[in-house]
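The values are calculated or read from the model by the stated rules, or taken from the named source; none is laboratory data. Computed from a prediction, not measured in an experiment: that's the story for all the values here. All Cβ positions, glycine included, derive from the backbone under ideal geometry; neighbour counts span all protein chains shown. We work out accessible area using only protein heavy atoms, side chains counted, and drop any ligands, DNA or RNA first. Shrake-Rupley method; radii C 1.70, N 1.55, O 1.52, S 1.80 Å.
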Amino acid sequence: MEIARDSLDQEACYRAVLTRDPRFDGRFFTCVKTTGIYCRPVCPARTPKRENMRFVASAAAAEEAGFRACLRCRPETAPDMGAWRGTSNTVSRALGLIEAGALDEGDVDALAARLGVGERHLRRLFRQHLGAAPVSVAQTRRVLLAKALIHQTDLAMAEVALASGFGSVRRFNETFQSLYGRPPSALRRRAEKAGDGGVRLSLPYRPPYEIDAMLAALTVRGETVEDGIWRRTLTPDVDGATGEVSARFESENRLAVTVAASDLKALPGVLARVRRVFDLSADPEAIQRDLSADPLLAPLVRARPGLRLPGDWIDISSNGATDMASDRLDDERLKARAEQWRPWRAYGALHLREAGIDSVRSMESDDEKDAA
């Protein structure tokens with residue numbers, strides 16, 4: 001179960017595990033050679049000896065190498081974060097498509113074609129940033145979503161298989177038997193019923209998060225938000241099913257999502273869109289670090305580190321956009337200055353708007369400083 005070396009600082013990762021530093025949760029995973037299990041850095045279990053540990057950038061890299069997910073810290077509950085964030089537009093867009101189910105029925109060639117790159121190049125990028133092949137990433141996504149459904153819902157196992165993207169119940173059972181040495185039903189705990197036939201899941205995010213600002217932004221653009229609950233009607237053309245999805249923020253940095261869909265196959269895509277709308281994969285630490293290099297933005301991001309970028313239900317990247325949502329810039333007047341904000345240009349523009357700073361005035365201020 002050896003794993004090829006990656007760009008992670010192995011000793012720094014070990015120090016983070018020793019202190020169970022929550023800042024690193026989701027940034028890497030710990031593989032324990034003696035047990036064959038991989039964990040989150042915050043796992044409450046006793047920390048193994050350094051020589052028995054190996055650190056990888058993604059859950060997919062751990063599972064591809066033959067490690068199985070820890071049943072105690074549950075890697076599927078880690079914030080959606082990885083070494084690829086802010087480093088590769090292509091990998092970011094590919095992961096968004098995979099999360100929505102692009103490899104559940106299609107293949108890597110088709111995925112690469114949608115991204116406008118060669119299949120071999122896409123595989124190289126995944127190895128570089130995630131330490132795993134695209135098909136392994138897709139398989140891990142299915143397994144971790146299935147585990148979340150097993151733990152958090154009362155769906156029948158056949159429904160869990162369908163909702164998590166497995167092509168058949170047999171494949172679902174075989175995968176879990178291979179990974180965990182037991183059938184998926186053995187992982188079941190008593191779950192909270194969502195009511196009305198809905199599936200209720202709790203999606204994690206990394207704090208800080210300005211909840212009121214996000215709900216206000218969604219309301220302004222015409223989304224349905226009442227009493228802190230966001231709702232959206234599902235349509236066959238966009239979502240592959242009829243029904244409704246709702247979301248509300250709860251304690252412990254979670255977004256509680258309830259999906260009532262006519263076809264459970266639509267669940268992965270719906271959850272991917274919810275994550276995008278609420279910007280659950282944002283990395284506040286990286287955003288603040290990079291944007292603070294601009295003296296105009298530094299005090300703004302320091303004052304509001306939890307400001308998030310509301311996403312679109314239909315991502316324009318699927319229609320040929322080449323930038324990550326975090327790097328898209330609508331205001332051409334900011335283009336020159338915003339080059340130093342990459343890959344967080346959209347966040348930089350958002351902070352200026354929220355602070356009431358006009359882009360023209362900010363450019364004029366720079367010109368005056370240069371002249372002086």
Matching residues in the range 101-126 (in contact (Cβ under 8 Å) with a residue 60 or more places away in the chain and under 24 Å from residue 62 (Cβ atoms)) number 2
With the structure loaded, tell me whether residue 181 is surrounded by 15 or more Cβ atoms within 10 Å (Cβ to Cβ) and over 30 Å from residue 350 (Cα atoms) or whether it fails that test. no
The one condition residue 126 fails out of (1) surrounded by fewer than 20 Cβ atoms within 10 Å (Cβ to Cβ); (2) at pLDDT 90 or above; (3) under 30 Å from residue 290 (Cα atoms) is (1)
Checked against (1) part of a strand (DSSP E or B); (2) open to solvent by 50 Å² or more (accessible area, probe 1.4 Å); (3) more than 25 Å from residue 166 (Cβ to Cβ), residue 244 satisfies every condition except (3)
| request: Assess whether residue 181 counts as being touching an Asp or Glu at 6+ places or on another chain (Cβ under 9 Å), modelled with pLDDT under 90 and either more than 27 Å from residue 93 (Cα to Cα) or small (Gly, Ala, Ser) (or both). | output: no
When every residue in the range 313-328 that is open to solvent by 30 Å² or more (accessible area, probe 1.4 Å) and modelled with pLDDT of 85 or more is compared, the one nearest to the chain's Cα centre (by Cα) is 314
On the basis of being surrounded by fewer than 15 Cβ atoms within 10 Å (Cβ to Cβ) and either within 28 Å of residue 23 (Cα to Cα) or within 23 Å of the chain's Cα centre (by Cα) (or both), does residue 229 make the cut?
yes
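Residue-wise test of (1) part of a loop (DSSP other than H, G, I, E, B); (2) within 21 Å of residue 266 (Cα to Cα); (3) out of contact with any helix residue (DSSP H, G or I) (no Cβ under 6 Å at 6 or more places or on another chain); (4) not aliphatic (A, V, I, L, M).
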residue	(1), (2), (3), (4)
124	no, no, yes, yes
135	no, yes, yes, no
147	no, yes, no, yes
150	no, yes, no, no
170	no, yes, yes, yes
186	no, no, yes, no
215	no, no, yes, no
219	no, no, yes, yes
Within the range 329-344, of all residues that are acidic (Asp, Glu) and at pLDDT below 90, the one nearest to residue 235 (Cα to Cα) is 330
Filtering helices (runs of 4 or more DSSP H) wholly in the range 6-99 for at least 1 residues that are without any contact (Cβ under 8 Å) to a residue 40 or more places away in the chain gives 10-19, 89-99
